[in-house]
Amino acid sequence: MTNEALSIRFFRGKSEIGKSTIIENRTILDLAEDAGVEIPRNCTSGTCGTCIVRLITGTVPIPDEIPLGLDEYLMKEGGILSCCLCPITSCEIDITPPI
Ligand code: FES
């Protein structure tokens, strides 16, 4: 077990636009705000899909009951909802929606 802080890096396409330290149970949207990165949002409860981003690397668990703003196809494209999901490993996120 290491004490090294886990980090989240944000990209827009290939350009890195921000980075922050992962804090347990803090959503990707919150971590983006920590990094000064703006992600569009609306409901902030997993329903509308406005906050969708693409997971490039890392692990972000999705609950068994898939949030309404997500579906199997979007998940296959790497789509995750930043307003209600939390990373558990260091990860890289493209804030460009997957489709
Ligand atoms: S803001 Fe609506 S699903 Fe995230």
If I filter region 37-55 down to residues being charged (D, E, K, R) and more than 6 Å from the ligand (Cβ to nearest atom), which single residue comes out as surrounded by the fewest Cβ atoms within 10 Å (Cβ to Cβ)?
Glu38
Confirm whether Gly69 is free of Cβ contacts under 8 Å to residues at least 60 places away in the same chain, more than 14 Å from the ligand (Cβ to nearest atom) and either surrounded by fewer than 12 Cβ atoms within 10 Å (Cβ to Cβ) or not acidic (Asp, Glu) (or both).
no
Region 17-36, subset in contact (Cβ under 8 Å) with a residue 60 or more places away in the chain and part of a helix (DSSP H, G or I), residue farthest from the ligand (Cβ to nearest atom)
Ala32
Matching option when the condition is touching a residue at least 60 places away in the same chain (Cβ under 8 Å) and not aliphatic (A, V, I, L, M), among Cys91, Cys43
Cys91
So which strands (runs of 3 or more DSSP E) are wholly in region 37-99 and hold at least 2 residues that are modelled with pLDDT of 95 or more, more than 15 Å from Ile22 (Cα to Cα) and not charged (D, E, K, R)?
52-57, 79-81
Going through region 1-36 one residue at a time, which ones are of a type in the set (Asp, Glu) and either modelled with pLDDT under 95 or crowded, with 17+ Cβ neighbours inside 10 Å (or both)?
Glu4, Glu24
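The values are calculated or read from the model by the stated rules, or taken from the named source; none is laboratory data. Note that the coordinates shown come from a computational prediction; the quantities given were computed from them, not determined experimentally. Glycine gets a Cβ as well: all are built from the backbone with ideal geometry, and neighbour counts include every protein chain shown.
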